[in-house]
1. Mind listing just one residue for me: the one in the range 554-593 that is small (G, A, S) and in contact with a Gly (Cβ under 7 Å, 6 or more places away or on another chain) and, of those, nearest to D173 (Cα to Cα)?
2. Inspect the range 294-306 for any residue being part of a loop (DSSP other than H, G, I, E, B) and surrounded by fewer than 18 Cβ atoms within 10 Å (Cβ to Cβ) and give the result as yes or no.
3. Given the range 47-90, what strands (runs of 3 or more DSSP E) lie entirely inside it while holding 2 or more residues that are modelled with pLDDT of 95 or more and under 20 Å from G250 (Cβ atoms)?
4. Out of all the residues in the range 348-371, which are closer than 25 Å to I448 by Cβ and either crowded, with 18+ Cβ neighbours inside 10 Å or not acidic (D, E) (or both)?
5. Of all residues in the range 199-216, which are part of a loop (DSSP other than H, G, I, E, B) and closer than 14 Å to R168 by Cα?
6. For the condition buried (at least 19 other Cβ atoms within 10 Å of the Cβ), closer than 30 Å to P365 by Cα, touching a Lys or Arg at 6+ places or on another chain (Cβ under 9 Å) and without any contact (Cβ under 8 Å) to a residue 40 or more places away in the chain, what is the one hit in N246, N284?
7. Taking K107, is it within 26 Å of the chain's Cα centre (by Cα), closer than 19 Å to I84 by Cα and among the basic types (K, R)?
8. Is it the case, given these coordinates, that Q129 is farther than 23 Å from Y478 by Cα and within 28 Å of the chain's Cα centre (by Cα)?
Amino acid sequence: MNKLKFISFLSFVLIVFFSAQQTPDNDWPSYNGGYDRNHFSNQNQINTENVKMLKEVWRYSSGGADLSGNKTQIQCNPIIIEGILYGVSADQQAFALEAKTGKEIWKTNLQIETFNMTSRGLSYWTNGQESRIYFGYGAYLYCLNAKNGKPVKTFGDKGKIYLVHGVRRPGSDEYFALNTPVAIFKNLLIVGGRLAESSSAMLGDIRAFDTISGKLVWTFHTIPRPGEFGYETWEKDNYKNLGGANNWMGMAIDTEREIIFAPTGSAAFDFYGGNRKGDNLFANTLLALDANTGKRIWHFQTVHHDIWDRDIPAPPNLFSIHKNGEKLDVVSVLSKQGFVFIFERETGKPVFPIEERPFPASLIPGEQTSETQPIPLVPKPFTRQTFTEDDISYLAENREEIRDTLRNMHSGQPFIPLGFKKTIFYPGTDGGPQWGGAAVDKEGVMYIPAKQNPVYSSLRPITKERGKDVGKSLYNQYCQTCHGLNAEGNEDGSFPGIVNISERMKKERYVQILQKGRGRMPSFAHISEADKISIYKYLNGQSEELRENTQESSVEYVATGYNRWYDNQGYPVSNPPWGTLTAINMNSGEHLWQVPLGEYPELTERGVPLTGTDNYGGPAVTAGNLLFIAATKDEMFRAFDKRTGELLWQAKLPAAGYASPSVYAVKGKQYVVIACGGGKLKTKSGDFYVAFALP
């Protein structure tokens, strides 16, 4: 070894040695890194100087990946406690690994029949004597012994709680999926959950259960009852005849102030609210609740009377900023529209101005939209807000065709109510930002992954369509919003085509799936078996006369699908970037930088500047001035300089990492791990967890 190489090697050894002495926060103890949900690690052994040396050090096959036509996913952000990594497999089994080696310690083999749903993680609790893991398995909340993965039989019903109990209402289905880890405060498990988004959805109550016994401790009604605050913002007795307004995205906890911050989604049905006139508190709301009792402290509604499915898409972030020389402890939430709302934690006072602005009224009979919507003036939006002819992609070969189509659509501003003519959502119906959420560092800088893909939809009347073909009418009522007008699914494969379903599935199996639900599809147990068979017949080209006992919907209109708009080459019709990563200084609200996130290699080869791609999943930011993120359609894992947005390192994953990475240390060595489940956006499925470290 020559002298220069020796000095270089010695320098690297010294950097690693001294960095290893400065790793006080070794664990990733909770979903998104901690109760503040900031995706932040104080680890600095891996930094901007040495990240290019990062190598894969272990790979764990978690099992459960479906490599056939039924795509599986892993969206789990694993937690790491004292050298043990806890995660969830592609088929929703919990497991524990040695975090240093990836060697399996235990894995569950749960077989109980429930609604299958991708899990985003699990939660850890200890009283110093025993340690427990809590995680959602479909509609069940399981309590496991952290040492061996066995159900704790003294909790709930032999180790589990069936979360459907307590949130049913007359006429509702039974679709409930605990897809996001529960929040834990003292001896309380604070629970939300995912519901159906149709008129049959259950109630979105937020509940707290005892960590030891599993007994219910308190409930907050997100659709208020008579005498409760907010009841007058709905029609009379709406809590009896509709559901939703649920916390599916997760919560954050201020343990010092004993406040739980719980965002909510839209009321169901998502795109028509003629049966729920009013602002609809506490749908689309950031709730600040007393964590001990569930009592409301304050709230802020980010969308009034939502008919756009503009849920708050991710858990809140809790952090501190400096404003006018004063330190403020704040809470923020993202908006699918591309906004950041930020408030003082104790009072709910906005840190920056929020303006109520007027937007168009609905032209649909019976619909009464809110006259205004709240728009934060600072920070500025991190996504574009409009899609017009000037925004059509310069890469599109069929620009004229796109332009002609756009001229017959409603477009050009946010919050245009759906009508009988196609209406543009921009950013698309699922955002903007995703459930992966934002990272925040100790300096108060927020890092937000997002996407900008146009989506269009419209409304169609359903009760007046009852006629010769009952199967078609039922399909339009229950299936069309997801699977499309002609049952052909959507362009990116997130909702599959189901035309001629008999070629893939027998009638009995299809009826069973409608009864039980599968993946994102809710249960349709509330409709008769005869109606289920009628839908099956319609999908196979068989018509059927209307029956007297055919069930009618309580909602008069249905959306015509989540139609992502692509050009004739398969790229979004809007100008790139289609995926972005944005840094915002939350002390001032100033945007620091924005870079494309993701790549289409074939476009890069043609000399096209980076376009970014569709993305799902969150970032992790570290004290080593790094931001790690996978999320993109191109199946890459990347590290950026958090100060500048410069790409410093990337590696190809075995499947796309539609999840958030975790950062931890074991015996002084720093690791970063990502779940690689793929399965979305027509990418292949996988079952791997992959860990990286310095050599």
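The values are calculated or read from the model by the stated rules, or taken from the named source; none is laboratory data. Predicted model only: the values in this text are computed from it and were never measured. Note that each Cβ is placed from the backbone with ideal geometry, even for glycine, and that neighbours are counted across all protein chains shown.
1. G561
2. yes
3. Working: elements: 55-61, 79-81, 84-88.
Passing ranges, in order: 79-81, 84-88.
4. At the first step, the residues of the range 348-371 found to be closer than 25 Å to I448 by Cβ are 348-357, 359.
Across the range 348-371, the qualifying residues are G348, K349, P350, V351, F352, P353, I354, R357, F359.
5. S199, S200, A201, M202, G204, D205
6. Going through N246, N284 in turn, the sole match is N284.
7. Details: within 26 Å of the chain's Cα centre (by Cα): yes; closer than 19 Å to I84 by Cα: yes; among the basic types (K, R): yes.
Spelling it out, K107 is indeed within 26 Å of the chain's Cα centre (by Cα), closer than 19 Å to I84 by Cα and among the basic types (K, R).
8. no
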